[in-house]
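The values are calculated or read from the model by the stated rules, or taken from the named source; none is laboratory data. As the structure is a prediction and not an experimental result, all values here were calculated from the model. Heads up, the Cβs are rebuilt from the backbone with ideal geometry, glycines too, and the neighbour counts pull from every protein chain shown. For accessibility, only protein heavy atoms count, side chains too; no ligands or nucleic acids. Shrake-Rupley method; radii C 1.70, N 1.55, O 1.52, S 1.80 Å.
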Amino acid sequence: MKENELIFGPRIPKELWEKERKRFLIPSIVLVAAAVLLFISIFLPYWKITLIAPQYPQGLTASMYVNRLTGDVQEIDGLNHYIGMKPLGEAAVLERTLSIFIIIGIALLIAGAVYVHSPFALFLCIPAVMYPAFFLGDLYFWMRSFGMNLDKRAPLSGAIKPFVPPLLGEGKIAQFATVATWEVGLYMSIAASVLILVGLYFHRRAYKPLLIDSSGR
Amino acid sequence: MTRIKRLLALLPVFLLAITPVCFTSCKNSGSEKEAGDQGTAAVDIPASVEEIAVERGLSPKDVIAALKTYIPSGKYDDYVMFASGGHSGQVFVIGVPSMRLLKTIGVFTPEPWQGWATGSAESQEILSEGDMPRGINKKLTWADVHHPSLSETNGDYDGQFLFVNDKANARVAVIDLRDFETKQIIKNPNTISDHGASFVTPNTEYVIETTQYSTPLPFDEYAGMDEYKEKYRGLATFHKFDREKGRIDESQSFSIELPPYWQDLCDAGKKVSDGWAFCNSINSEMATGGINEGNPPYEAGISQREADYLHVFNWRKAEQVFKEGKAKDLNGQYIIPLDTAIAEGLIYFMTIPKSPHGVDVSPNGNFIVASGKLDTHATVYSFEKIMDAIKNNKVEGKDPFGVPILNFADVMEKQVEIGLGPLHTQFDNEGNAYTSVFVESTLAKWKLGPPDYDGPDAWTVVEKIPVQYNIGHVVCAEGDTVAPDGKYCVALNKWSIDRFLPVGPLHPQNFQLIDISGKNMQLLYDMPIGVGEPHYVQMVKADKLKPWLVYPEVGFNPMTMSVDPEAAAIGNERIVRNGDTVEVWMSVIRSHFNPEHISVKEGDKVIMHLTNVERARDATHGFAIDGYNVNLSLEPGESSTVEFTADKPGVFPFYCTEFCSALHLEMMGYLLVQPTQPKS
C-alpha cells in the first residue's frame, strides 16, 4: 500500500465507478450537504431569548448568531445594569471573532472527508459532529459566568440573586418571564451532525470493501 | 429494488434537513393565528347591556352613539384631527371617533412638558425667530392660533407637515409630523395681523397668509386714521415651502399689496383651479370706526355696504412676475405693488353679499363656495365662469384702487338658501356640502349641483342638525381636499353653555362629533376644549401619518433633524472648562445622568449637551435644574442643549422630570455654583 493510500484510502476502480456510481455518490452528496448546511447556518440565528414584561407588549428579544447579537440588546443591557450584569457584548468575544473561520474550517474538513476514503474520514468529521454540543456548552458557560457574577454595587443587587438563564425553555428573572428558544441555525448545525453520521455510514459501506480489497489478500 | 431502498434510506435525512425550517415557520403561523383570534372576538351582547342603558338613562340612540365612538383599550382611532389651540398658542391632536386628546404641540408659547421653550436652546431659537422685527423689543408670550393646514400632494393630505398661523402677530409656524414638533416660526415683517392663513396650495408650493386688520406698511410706520385709504394696506403673502428642508424659504416668497380691506379666509384652487387662490374680505367700506369720536362703531361701519370683495389671485402668474423682479423689497419681503398686480392680471374681485367670511373650494376645484355672515345664502361661483369673465373682460367696474370687479351675474353659479349666518363649508365624497350656520347654531347639509351632483335636490339643503352652540368652523374627514372621505364631521362650537359640568364662569368650548355616514346626520359626542379658543381643524386619515416612534439615531437634534456633531454619547461624557465657559457633555439613561456633579463658579457660562441614549419606545427623560428655570424633554435618541449663566451661587439639584423607571427619583445630580466672593 502506498503512503497516500494510508491516509486518503483507495481510489475507486474505474469499472466499479461505472457500475455502482450511486454507491459512491451518496456518501459524497450527504457529506457535502452537511457542509453546506453548516456553512449556511453562519447567516442564521442560533439561539434567541425573549423577555416578557407588561412594559414591553412586543417583548424584548436578543437573537444570537455565531458572530453577533441582534435585537433589543441595548435595552436588555440597559435593564441588566440594574442587576449588575455585564453588557452582553462583552461575552464570548473570542468565539464570536473566530467563529466564522472555525465553521468554514470544519465545513471544509467535512468536504475533505469526501476525498478521504479511509476510516480517517471519521476524524475529519468529528469537529463538525461535536460542534452543536460545543456551541451549547460554550453558551452555557457564558450564561453561567454572566449570571453568577453580578456586580454587587448594582442598584438591585440585593433584590436579584445570581442565576443561570435557561438554555432552552422558560425562566423568570425579576418581573420578566424569559423564553429561550433554539433557532434555525442551531437546528441546521444539528441536522448537519446527523447528516454526517448518515453520510459516514454510507461512506463506510461504499469504501470498506475497497479497503479490504487493497489491504487484504 | 435496491435503488428504491437506498432512496428510502435517504428520506429521513431530507426530512431532518427540512425540519428546522418547518419548525420555525409552523411556530410563527401558530402564534399569528392566536393573535388574530384575540382581535376578532365574537359579538355576543349580554342582556345586561340593556340594564346598564336603563340604569344610566341612555336612549337607544345614545347607545348607538356610544358604540360608534368607543375605542377599546389598545385600539386606535381611524382619523386624527389637528386643531388650532387658539389663545394657548398650541395645536391639539385629537383622535376620531373617540375624541380623545392625543397630544398638544407647543408652538408659539412655552410648553414645559415637551421642554418647548423652557430651557432648550433649540426651541428657544425657533421661538425667537418669531420675535418682533427691527428691534421692536417684544418677546411675544402668547398667540392666537387660527388655521392649521396640512401639507398636500396633488391636493390631498400627505401627512408630512402642518402649518399654523398666529392672527395676533402675523406669524406662521411649520410643524414636522415626523416628530410632531415645531421647526420654524416666521414673523411677517410688514404686517401685524393675519387671518387668511395658513392655507396651502395643492402641492404645498406656497403657504398663503393674508392680512386681517390693515395697517400702514410696514406696520410700525405711523399714519393716522385720516390717512387710512392712502397709507393703510393689506398683504397676501405666498410663503415658499422647501419640502426638502422642511422650512419656509423667505427669499423665494412673495407678497401682493392689497387695498385696506380686511382680508379674511382663503383657500387655494385645486385640480381645474390649481394656480389660483381665493380670499374673502370685509370692510370694503374702509370704515375707520371711532365710536368714542361719535362715528359709527366698526361693527356698523363695516356692515354698511351690501357686498364686499372676494379676491381672486393668479398665484402661478404672480410667481412669474416675482421672478421677473417686479416685486419690491420691503424689510426683506418681496411685495408686488398693487398697480403691478392689476396690470399683470394677478388680482380680480368678485362681489360677495353681506360681510362674507368663509371661502371654500369644492373637491373638484370647479366651485368656490363663499358665504356672508349676515346673509342667508352660500354663494357658489363657477371657476369656469370666472375664467371666462377674466378672458372676456366681463367686469362691472373697478374698486377705488383700480382692481377689476368681475360681473357678479357672469361668475355666480348659484345662491343656495342655507340659513342665517353661514360661515364655512366642507365636503364629502357624495357631492354634499356641509356649512356651519352660526346664528342658527346648526350644521346644514346641502347638495352641490352638476357635474358634482345631478339630482332634483341639487343646490338645496337636505338636512340640518342643531349644534350646541354657535358653531364656528366645521371640519369633515379630509373635507377640504380633492378626495373627502365623508364619515365624520365635527362642529367646532364657540359656546357650550350648559353642555358640561360647570367649571366657573369661563366655559370650555365644544367639539361635537357628527356621524354623516348614514342617511341622516347623527350627533355622537361632545368633547370639551378647555384651553384657548380653537378655530379651524383638519381631519386626516390616521394611516397617512408616519411619525417616528423614537428618534432615528442617538444624538438626534430635532431642529436640524440630523445627528448633532456636538451630541453627547455614552463614553464621551465630560466637563471641559474654557475660560469662564464650562461645557458639559452628559448622557442620559435609566436611571442616571452622567456626569452627576457639575461644579462651576458664580458667573460662569454653562453649556450642556444632553443626549438621551435610550432606544426603547416611550423612554423619555426630563432634565430640570431647580431654580434655573430649565426643563427639557429628551425623547429616546434626542440631543438637546442648555445654555445659561450660573449667576446664582448655591447648590441646585437637577433631576429627571419624567417618571422613567423604578429608580426615577434617584435619577438626579447637583449643580454646585461656588460663590466668587466668600460670605463675610
**Asked** Looking at (1) within 14 Å of chain A (Cβ to nearest Cβ); (2) in contact with a Phe, Trp or Tyr (Cβ under 8 Å, 6 or more places away or on another chain), which is the only condition B:I570 fails?
**Response** (2)
**Request:** Consider only pairs whose beta carbons are under 6 Å apart and that are at least six residues apart or on different chains; among these, list those whose first residue lies in region A:104-120 and is over 15 Å from A:L195 (Cα atoms) and whose second residue is surrounded by fewer than 16 Cβ atoms within 10 Å (Cβ to Cβ).
**Result:** A:F120/A:I7
**Request:** Output yes when any residue across region A:178-187 is in contact (Cβ under 8 Å) with a residue 40 or more places away in the chain, assigned to a helix (DSSP H, G or I), aliphatic (A, V, I, L, M) and within 14 Å of chain B (Cβ to nearest Cβ), and no when none is.
**Result:** yes
**Prompt:** If you check A:P155 against the conditions, is it within 14 Å of chain B (Cβ to nearest Cβ), closer than 30 Å to B:E666 by Cβ and either out of contact with any His (no Cβ under 8 Å at 6 or more places or on another chain) or open to solvent by 30 Å² or more (accessible area, probe 1.4 Å) (or both)?
**Reply:** yes
**Item:** Within region A:21-43, considering residues that are within 12 Å of chain B (Cβ to nearest Cβ) and open to solvent by 50 Å² or more (accessible area, probe 1.4 Å), the one farthest from A:S189 (Cα to Cα)
**Value:** A:R21
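Based on this model, can you work out whether B:V563 counts as open to solvent by 10 Å² or more (accessible area, probe 1.4 Å) and β-branched (V, I, T)? Spell out the reasoning first.
Working: open to solvent by 10 Å² or more (accessible area, probe 1.4 Å): yes; β-branched (V, I, T): yes.
Criteria met by B:V563.
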**Request:** Kindly indicate the residue of region B:641-680 that is touching an Asp or Glu at 6+ places or on another chain (Cβ under 6 Å) and crowded, with 20+ Cβ neighbours inside 10 Å and also farthest from the other protein chains (Cβ to nearest Cβ) among those meeting that condition.
**Result:** B:A646
**Prompt:** Would a scan of region B:405-420 turn up a residue that is touching a Leu at 6+ places or on another chain (Cβ under 6 Å) and at pLDDT 95 or above?
**Reply:** no
**Prompt:** Looking at region B:622-674, which of the residues that are among the small types (G, A, S), in a strand (DSSP E or B) and within 28 Å of A:I83 (Cβ to Cβ) is nearest to the chain's Cα centre (by Cα)?
**Reply:** B:G622
**Message:** Testing A:M85 on (1) modelled with pLDDT of 90 or more; (2) closer than 16 Å to A:L51 by Cβ; (3) within 14 Å of chain B (Cβ to nearest Cβ); (4) more than 25 Å from the chain's Cα centre (by Cα), one condition comes back false. Which one is that?
**Reply:** (3)
**Message:** Residue under question is A:D72, and the condition is that it be among the acidic types (D, E) and touching a Ser or Thr at 6+ places or on another chain (Cβ under 9 Å); does it hold?
**Reply:** yes
**Asked** Which one of these does B:V80 not meet: (1) part of a loop (DSSP other than H, G, I, E, B); (2) open to solvent by 10 Å² or more (accessible area, probe 1.4 Å)?
**Response** (1)
**Item:** Selection count where residues are buried (at least 20 other Cβ atoms within 10 Å of the Cβ) and within 12 Å of chain A (Cβ to nearest Cβ), scope region B:592-620
**Value:** 4
**Prompt:** Name the residues in region A:1-54 that are assigned to a helix (DSSP H, G or I) and of a type in the set (S, T, N, Q), would you?
**Reply:** A:N4, A:S28, A:S41
**Request:** Write out, first by first residue and then by second, each pair whose Cβ atoms fall under 6 Å of each other, whose residues are 6+ apart or on separate chains, and whose first residue, in region B:362-377, is at positive phi while the second is buried (at least 22 other Cβ atoms within 10 Å of the Cβ) and of a type outside the set (A, V, I, L, M).
**Result:** B:G365/B:G269; B:G365/B:K270; B:G365/B:S273
**Request:** Among the numbered conditions (1) in contact with a Gly (Cβ under 6 Å, 6 or more places away or on another chain); (2) part of a helix (DSSP H, G or I); (3) not aliphatic (A, V, I, L, M), tell me where B:E230 comes up short.
**Result:** (1)
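Yes or no, residue by residue, for (1) open to solvent by less than 30 Å² (accessible area, probe 1.4 Å); (2) within 11 Å of the chain's Cα centre (by Cα); (3) at pLDDT 95 or above; (4) closer than 16 Å to B:S198 by Cβ:
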{"site": "B:Y70", "(1), (2), (3), (4)": "no, no, yes, no"}
{"site": "B:S84", "(1), (2), (3), (4)": "yes, yes, yes, yes"}
{"site": "B:M99", "(1), (2), (3), (4)": "yes, no, yes, no"}
{"site": "B:K139", "(1), (2), (3), (4)": "no, no, no, no"}
{"site": "B:Y157", "(1), (2), (3), (4)": "yes, no, yes, yes"}
**Fill in**
In region A:55-82, anything assigned to a strand (DSSP E or B), within 13 Å of chain B (Cβ to nearest Cβ), open to solvent by 40 Å² or more (accessible area, probe 1.4 Å) and not polar (S, T, N, Q) is listed as A:P57, A:G71
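Run down A:F135, A:F163 and say which single residue is more than 14 Å from chain B (Cβ to nearest Cβ), open to solvent by less than 50 Å² (accessible area, probe 1.4 Å) and assigned to a loop (DSSP other than H, G, I, E, B). Break it down into steps so the answer makes sense when it comes.
Numbers: A:F135 fails: assigned to a loop (DSSP other than H, G, I, E, B).
Going through A:F135, A:F163 in turn, the sole match is A:F163.
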**Request:** From the list B:E205, B:E230, pick out the single residue that is open to solvent by 50 Å² or more (accessible area, probe 1.4 Å) and either of a type outside the set (A, V, I, L, M, F, W, C) or outside the structural domain of B:E293 (by TED's automatic domain parsing) (or both).
**Result:** B:E230
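Quick check on B:N169: is it open to solvent by 10 Å² or more (accessible area, probe 1.4 Å), under 23 Å from B:Y206 (Cβ atoms) and either assigned to a loop (DSSP other than H, G, I, E, B) or free of Cβ contacts under 8 Å to residues at least 24 places away in the same chain (or both)?
Considered against the rule, which asks whether it is open to solvent by 10 Å² or more (accessible area, probe 1.4 Å), under 23 Å from B:Y206 (Cβ atoms) and either assigned to a loop (DSSP other than H, G, I, E, B) or free of Cβ contacts under 8 Å to residues at least 24 places away in the same chain (or both), B:N169 comes out as yes.
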**Request:** Scan region B:577-589 and give yes if some residue there is within 14 Å of another protein chain (Cβ to nearest Cβ), at pLDDT 95 or above, in contact with a His (Cβ under 6 Å, 6 or more places away or on another chain) and crowded, with 16+ Cβ neighbours inside 10 Å, otherwise no.
**Result:** yes
**Complete:** Flagged in region B:275-290 as part of a loop (DSSP other than H, G, I, E, B) and crowded, with 21+ Cβ neighbours inside 10 Å, in numbering order, are B:N283, B:S284, B:A287
**Evaluation of B:V503 against (1) aliphatic (A, V, I, L, M); (2) open to solvent by 30 Å² or more (accessible area, probe 1.4 Å); (3) under 21 Å from the mean Cα position of the chain (by Cα) (one fails), failing number** = (3)
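Give me the residue from region B:525-559 that is part of a loop (DSSP other than H, G, I, E, B) and charged (D, E, K, R) and, out of that set, most open to solvent (accessible area, probe 1.4 Å). Give the derivation first.
Step one: list which residues in region B:525-559 are part of a loop (DSSP other than H, G, I, E, B), which gives B:530-536, B:545-555, B:558-559.
Keeping just the survivors that are charged (D, E, K, R) gives B:533, B:546, B:553.
Numbers: B:E533: 49, B:K546: 143, B:E553: 105 Å².
By that ranking, first place goes to B:K546.
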